[in-house]
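Input: a single structure, listed below in structure tokens.
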Amino acid sequence: MKNHFVHTPCGPVQGAAGGADGVSVFRGIRYATAGRWEYPRQVTHWDGVYDAANFGACSFQPRAFYNEEDVPEKAFYYNEFRRGEHYDYSEDCLFLNIWAPDDAKNAPVLFYIHGGGFLGGCGHEKHFDGTAWCKKGVVAVTINYRLGPMGFLCLPELAARDGHTGNYAMFDQMAALCWVRDNIAAFGGDPGQVTLMGQSAGAMSVQQLCVSPMTNGLFRGAVMMSGGGVSRLLGAAQKAEEAYPFWQAVRQKLGAADFAALCGAEPQALFAAFAEARKEQKNPMAGCGPVVDGVFLTESAAEAAKAGRQKNIPYLMGSTSEDVVPPIVHKMAKGWARLQADQGKQPSYAYFFSRQLPGDEKGAWHSADLWYAFGTLDSCWRPFTEWDRALSEAMVSYLTNFAKTGDPNGPGLAEWLPVKKGQTQVLRFGDRDITMGGVSVARLTHTMLTKPNVGE
């Protein structure tokens, strides 16, 4: 990629230097266009040279309308991931970012979907940088997609117009995957070696993509961190028409006399009405998320998994010790990996991240493992230690190996066994070692992560 310049089927793209020698980054590439509550149309052409020097706008979301620094309940994640950063917000937000080794050719691709409860986030916060993956020979992709009412509104008027309604965010994600399939070879990536990866709502998104009948052939593996898995509580998706009353309540609170008024509403007013309607929901998740629309989803993930209709690909699942409802999230991850074995599908792996992050007493909180998985410790304020860097190096290696082969194991790494009958242990990333079943399989020695000597 001489001078960080590539020719894609859409046209030429000018990128920039990445975070290390031999790495190029292409920011803010428009992968699709869509009007409000329209399904995305994939970009197939642009005129002239596309300037990919800067990140694109994020989807409108609650934090677009207030200063996070002034809201105490937002302070933790703001200080962790966004302090000192600037973000633009827009309905025009369908952009993706690519980090690629300059010498890449037919390289595997990790396609990351951010979390945020389907309400917040973007693909370019401090912890999201693909440089460490590129150094292992893997192309990295992160994306933006529509959030909150922009991404999930369901109304009969839309169903009558388009034949189905809802899941605009999921169609965004699928459009980004299709753009990658059609264009990633220009960046040195192999469209036949795409691995999905997501955390929290991003992991839940990955799971929906893995049960959708529309996504066959778009990826060959999946990583789900702190979301997704087997759960009666989180595995059920309501039907689109069951969501109509909630969205009609949003319209009422907005004071929109008809659908046209709703379409013309200011984003801030729309999000305010959406927030008011959510306060009246017994289950706050019911107001925002994927629905069974008969097209993207023909059944819930739980129903698909019970029948074995999820993609027959390798999965890598995990959670953290101070996660959101830790026992449930851990059981979900481990259960999904075990389900693959019980159904005779491909080997799948589970982990538990319990490293208590230095700098405060919050432990291994929800999202804590992202700094390590992306290898972006240097972008964080925390006083990370030699062990943190060794742990991150191991996690990056496991992830990139998984992207290459569907198996996280590789030279210099402690063996990670797939979950199956008779082998129900998960790999634990801890404060001083990496263990399986309470047995140390790797520990810190000097500046390297090493396997223990036989007999130790």
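Summary table below
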{"read-out": "Amide H partners (placed H, <5 Å) of Tyr50, local residues excluded", "value": "Val13, Gln14"}
{"read-out": "Length added when fully stretched, Asn312-Val324, from 0.36 nm per residue minus Cα-Cα", "value": "1.5 nm"}
{"read-out": "Inter-probe distance in nm under a simple model that places probes 7 Å from Cα toward Cβ, at Asp70 and Val49", "value": "4.2 nm"}
{"read-out": "Estimated vicinal HN-Hα couplings, Hz - segment 5-14 in sequence order (Karplus 6.51, -1.76, 1.60; Gly, Pro = x)", "value": "10, 9, 10, 10, x, 7, x, x, 10, 9"}
{"read-out": "Residue-wise HN-Hα coupling along segment 64-71, computed from phi with Karplus coefficients 6.51, -1.76, 1.60 (Hz; x: Gly, Pro)", "value": "5, 10, 8, 8, 4, 4, 8, 10"}
{"read-out": "C-alpha long axis of helix 326-342 to longest principal axis of the chain, angle in °", "value": "80 degrees"}
{"read-out": "In segment 1-98, the GluC sites (Glu not before Pro) that fall in loop regions by DSSP, at most 13 other Cβ within 10 Å", "value": "Glu38, Glu85"}
{"read-out": "C-alpha center-to-center spacing [segment 89-168, segment 300-376] in angstrom", "value": "20 Å"}
{"read-out": "The chain, relative contact order in percent, only Cα pairs under 8 angstrom and at least six apart counted", "value": "13 percent"}
{"read-out": "Qualifying trypsin sites (Lys or Arg not before Pro) in segment 257-293, DSSP loop, other Cβ atoms within 10 Å at most 15", "value": "Lys282"}
{"read-out": "Extended-chain gain in nm, criterion 0.36 nm per residue less alpha-carbon gap, Gln346 and Lys105", "value": "84.1 nm"}
{"read-out": "Linear extension gain, Cys263 paired with Asp162, 0.36 nm per residue minus alpha-carbon span", "value": "34.8 nm"}
{"read-out": "His127 long-range amide H proximity, modeled H, under 5 Å", "value": "none"}
{"read-out": "Gap separating the Cα centres of segment 242-273 and segment 17-65, nearest whole Å", "value": "28 Å"}
{"read-out": "Sites matching trypsin sites (Lys or Arg not before Pro) across segment 206-264 that sit in DSSP coil, with at most 10 neighbouring C-beta atoms within 10 Å", "value": "Arg232"}
{"read-out": "Label-point separation in nm, Asp378 to Asn409, each point 7 Å along Cα→Cβ", "value": "3.3 nm"}
{"read-out": "Calculated from backbone phi, Karplus (6.51, -1.76, 1.60) coupling profile of segment 287-300 in Hz, x at Gly/Pro", "value": "x, 7, x, x, 10, 7, 9, x, 10, 5, 10, 9, 7, 6"}
{"read-out": "Helix-derived mean residue ellipticity, 222 nm - over the chain, DSSP H n ≥ 4, -39500 (n - 2.57), to 500", "value": "-8000 deg cm²/dmol"}
{"read-out": "The chain - share of DSSP beta bridges that are antiparallel (%, nearest 5)", "value": "45 percent"}
{"read-out": "In nm, spacing of pseudo-spin labels at Ala275 and Lys331 (7 Å Cα→C-beta vector)", "value": "3.4 nm"}
{"read-out": "Correct option for semi-axes √(5λ) of the Cα gyration tensor in Å [calculated from the coordinates] among (i) 73, 26, 20; (ii) 34, 26, 22; (iii) 39, 28, 21", "value": "(ii)"}
{"read-out": "Long-range amide H partners of Ala32 with built H, under 5 Å", "value": "Val43"}
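Every read-out reported here was derived from the displayed coordinates using simple, explicitly stated rules and does not represent laboratory data. Because the structure is predicted, anything quoted here is derived from the model rather than measured. Cβ: placed from backbone, ideal geometry, glycine included. Neighbour counts: every protein chain shown.
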